[in-house]
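Novice: Dumping the structure here so I can ask a few things about it.
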Amino acid sequence: MWYFDAPEIIYGEGALSELEQIKGSRAFIVTDPVLHKLGFTEKVATHLRDAGMEVASFTEVEPEPSLQTVQKGAEQMRGFQPDVIVGLGGGSSIDAAKAMWVLYERPDLQPDEISPMIELNIGQKAKLIAIPTTAGTGSEATWATVLTDKTDGRKLALGSRETMPTTAIVDPEMSKDMPPRLTADTGLDALTHAVEGYLSSFHNDFTDGICLKAIQLVFEYLPRAYAEPHDMEAREHMANAATLGGLGFINSWASLAHAMGHAFGGQFHIPHGRCVSLFLPYTLEYIAKEPELTRFRDIAHALRLPEGNADEPAAAKAVIAAIRDLHRRLGQPLTVAELGLSREEYEAKLDDLVEFAEGDGTFISAVRIPEREDIEKLFLYAYDGREIDF
């Protein structure tokens, strides 16, 4: 038995105005300093006030939000006592809002206790509305929450089915001013969600179509959104792809690229999407060594690659080549060395990288689960860009 979890999703141009129909008396917006300075907080607050609500905000969410930030925001939330919480921004702000929601209603818990093993019983005091301003993390449609422990740099992949946002408002207008590099980072994050969700050992009939559609949309529209930020057709399809990718992977689960990317990003403070997408081709090459366990032909067929009718090894090679080509078209790094990290600096962290990847919650869904030695080799091969041969 399994579950398919999803929020109510309001999407398309003008979706933000639906905030004026939200029922509540006090709304608390969680966002980051950059979006706040750019006027996004006030834009959302205006709609909430038009709905008759009193509005307060927490605007201190940093990239890769920390346990400490979440605790601070939850304390302010408890002082304001909202019945509507709004996570506004990229995955960092929405993830922080999820965790603050838990601590607001369950002050007896610590952030790292957010787990499927603990009954949270939240939603008694407030509902959560997620409004993405990027097109990639899919956090608006997932219950996953990634936080960073500042004490050791470890990224914690937390979550509970109860932390799924009540409503996701996916308005492409909110992401139209993303700069090209952020567009690429977040768009490739969406691709990684969809590819891993489709190839996960937990894949299922409910997620397969969602993941394949998200993959198609990213390949077709991400280069356009990257080249022309105000191409609203491309922005809308990418916003939808991100939400579909989130729905897909949260109901099937992400895999090795996320385990390695979480470990790497926590240690070197590199954007999440850039991390997971960098490791994606290597982890796909790794699982492709056992073609009886993979389904690359379906992805090749969805992308209309000639190898969609070939055998599984040929299809895998073609899909991985297409992913690498997309990276190059977007000017994204394909090796750790391209990020400017010295080999000495990288290898000094290797033991921690392996330990944190192996302990990540996404590690267990791989169709080919690596031993510790193989994880280390995957990290090393990704530094130079070597083809996986083991």
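Laboratory data are not the source of any read-out in this text; all were calculated from the coordinates shown. Worth saying up front: this structure is predicted, and the values here are computed from it rather than measured. Don't worry about glycine lacking a Cβ; one is built from the backbone with ideal geometry, like all the others, and counts go over all protein chains shown.
Novice: If I histogram all Cα-Cα distances within segment 180-384 using bins 10 Å wide from 0, what percent of pairs lands in each bin?
Specialist: That works out to 9, 38, 38, 14, 1, in percent per bin.
Novice: Treating segment 8-175 as a set of equal point scatterers at the Cα positions, no solvent, please give the Debye-formula log₁₀ I(q)/I(0) at q = 0.10, 0.14 Å⁻¹.
Specialist: For segment 8-175 at q = 0.10, 0.14 Å⁻¹, log10 I(q)/I(0) is -0.31, -0.62.
Novice: What per residue convex hull volume, in Å³, do the alpha-carbon atoms of the chain yield? Present the calculation step by step, with values, prior to reporting the outcome.
Specialist: On the way: hull volume 49.0 nm³, N = 390.
With only Cα atoms used, the chain gives 126 Å³ per residue.
Novice: Under the classification rounded if a/c is under 1.5, otherwise prolate if a/b is larger than b/c and oblate if not, where does segment 89-166 fall, given a ≥ b ≥ c as square roots of the Cα gyration tensor eigenvalues?
Specialist: It is oblate, given that a/c is not under 1.5 and a/b is not larger than b/c.
Novice: Using Cα springs under 10 Å in a Gaussian network model of the chain, which residue among 311, 32, 108 shows the largest mean-square fluctuation?
Specialist: Of 311, 32, 108, the most mobile in the Gaussian network model is 108.
Novice: Tell me, what HN-Hα J-couplings in whole Hz come from the Karplus equation 6.51 cos²θ - 1.76 cosθ + 1.60 at θ = phi - 60° for each residue of segment 10-20, using x for Gly and Pro?
Specialist: 10, 9, x, 4, x, 4, 4, 5, 5, 4, 5
Novice: What net charge do the residues around residue 390 carry, taking every other residue with its C-beta under 15 Å from that of residue 390, with Lys and Arg at +1 and Asp and Glu at -1?
Specialist: Numbers: positive: 289, 368, 372, 377, 386; negative: 285, 290, 371, 373, 374, 376, 384, 387, 389.
Summing Lys/Arg as +1 and Asp/Glu as -1 gives -4.
Novice: Quick one: compute the contact order of segment 219-370, relative version, from alpha carbon pairs under 8 angstrom and 6+ residues apart, as a percent. Don't skip to the end; give the middle numbers.
Specialist: Details: 153 pairs, mean separation 44.6, N = 152.
Relative contact order comes out at 29 percent.
Novice: Turning to a different aspect of this structure: Amide H neighbours of residue 29 under 5 Å, counting only residues 5+ apart in sequence or on other chains, H built in-plane at 1.01 Å?
Specialist: 56, 57, 58, 86
Novice: A further question follows. Check residue 252: other-chain or 5+ apart residues with amide H under 5 Å from its amide H, H built from backbone geometry?
Specialist: It is none; the list stays empty.
Novice: Counting Lys and Arg as +1 and Asp and Glu as -1, what is the net charge of the other residues whose Cβ lies under 13 Å from the Cβ of residue 191?
Specialist: Neighbourhood net charge equals -1.
Novice: Hey, fewest Cβ within 10 Å first, where do 40, 206, 279 land in order?
Specialist: Numbers: 40 22, 206 15, 279 25.
Fewest-to-most ranking of 40, 206, 279: 206, 40, 279.
Novice: Pick from 203, 262, 47: which residue has the top mean-square fluctuation in a GNM of the chain where Cα pairs under 10 Å get a spring?
Specialist: Its mean-square fluctuation being the largest, the pick is 47.
Novice: Still on this structure, please answer the following. In terms of modelled amide H atoms, which long-range or inter-chain residues lie less than 5 Å from the amide H of residue 146?
Specialist: 158
Novice: Output the relative contact order of segment 8-175, whole-number percent, from Cα pairs under 8 angstrom with separation of 6+ residues. Could the numbers behind the result be given before it?
Specialist: Working: 366 pairs, mean separation 45.0, N = 168.
Answer for segment 8-175 is 27 percent.
Novice: As an exercise, use a Förster radius of 35 Å and the Cβ-Cβ distance of residue 17 and residue 60 to find the FRET efficiency, rounded to the nearest 0.05. Write out the running numbers ahead of the final one.
Specialist: Details: r = 27 Å, r/R0 = 0.78.
Rounded to the nearest 0.05, the efficiency is 0.80.
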